[in-house]
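The values are calculated or read from the model by the stated rules, or taken from the named source; none is laboratory data. Owing to the predicted nature of the structure, the values given are computational and were not obtained by experimental measurement. We place every Cβ from the backbone using ideal geometry, glycine too, and count neighbours over all the protein chains shown. We work out accessible area using only protein heavy atoms, side chains counted, and drop any ligands, DNA or RNA first. Shrake-Rupley method; radii C 1.70, N 1.55, O 1.52, S 1.80 Å.
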Amino acid sequence: MGFNTREAETLLQQLLQQGATASYMLAMIYRQMRLIVRVRELKRQGLKEPEMRQRLGVPSEYVVRKTLEQANRYSMPRIKEVYEQLLNIDIAIKTGKYPEELALNILIAELCQRTPATAI
């Protein structure tokens, strides 16, 4: 079962209507994926949440806890797939294949089609 595509698209449209740009949201998705990868590595090294917060430069306990939850839901192969999708969308935008908003909608739809693989 995939993620709720309709809900994700509704939230995306709300953010766009509130003034968020597609490029900003793509940057935030990139940022979150980088945090997930870093948290996975810090967890592998045996660090606890307070040490992770310090290493990541994230003052919020909530952000680290939520990122840990996300890191546990995604396998490294799935994270690599998401990065590849992000790269393809970035190239499509920069080459003019798709306007930013359409590219972001395509990305959200693609990401929602798959459930996160079991963490390895």
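Below are the figures for this structure:
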item: Condition broken by Thr21, with the remaining ones in (1) touching a residue at least 12 places away in the same chain (Cβ under 8 Å); (2) more than 16 Å from Leu107 (Cα to Cα); (3) more than 15 Å from the chain's Cα centre (by Cα) satisfied; result: (2)
item: Selection status of Leu35, in contact (Cβ under 8 Å) with a residue 60 or more places away in the chain and under 18 Å from the mean Cα position of the chain (by Cα); result: no
item: Elements of type helices (runs of 4 or more DSSP H) contained in region 1-94, each with 1 or more residues being within 26 Å of Gln113 (Cβ to Cβ) and open to solvent by 70 Å² or more (accessible area, probe 1.4 Å); result: 5-17, 22-44, 61-73, 76-94
item: Of all residues in region 53-91 being of a type in the set (A, V, I, L, M) and under 11 Å from Arg40 (Cβ atoms), the one that is nearest to the chain's Cα centre (by Cα); result: Ile79
item: Region 98-120 residues that are over 18 Å from Arg78 (Cβ atoms) and aromatic (Phe, Trp, Tyr), paired with ones that are assigned to a helix (DSSP H, G or I) and at pLDDT 85 or above (beta carbon under 7 Å, 6 or more apart); result: Tyr98/Ala92; Tyr98/Ile106
item: Neighbours by Cβ (under 6 Å, 6+ apart or cross-chain): first from region 69-88, without any contact (Cβ under 8 Å) to a residue 40 or more places away in the chain; second assigned to a loop (DSSP other than H, G, I, E, B); result: Arg78/Pro116; Arg78/Ala117
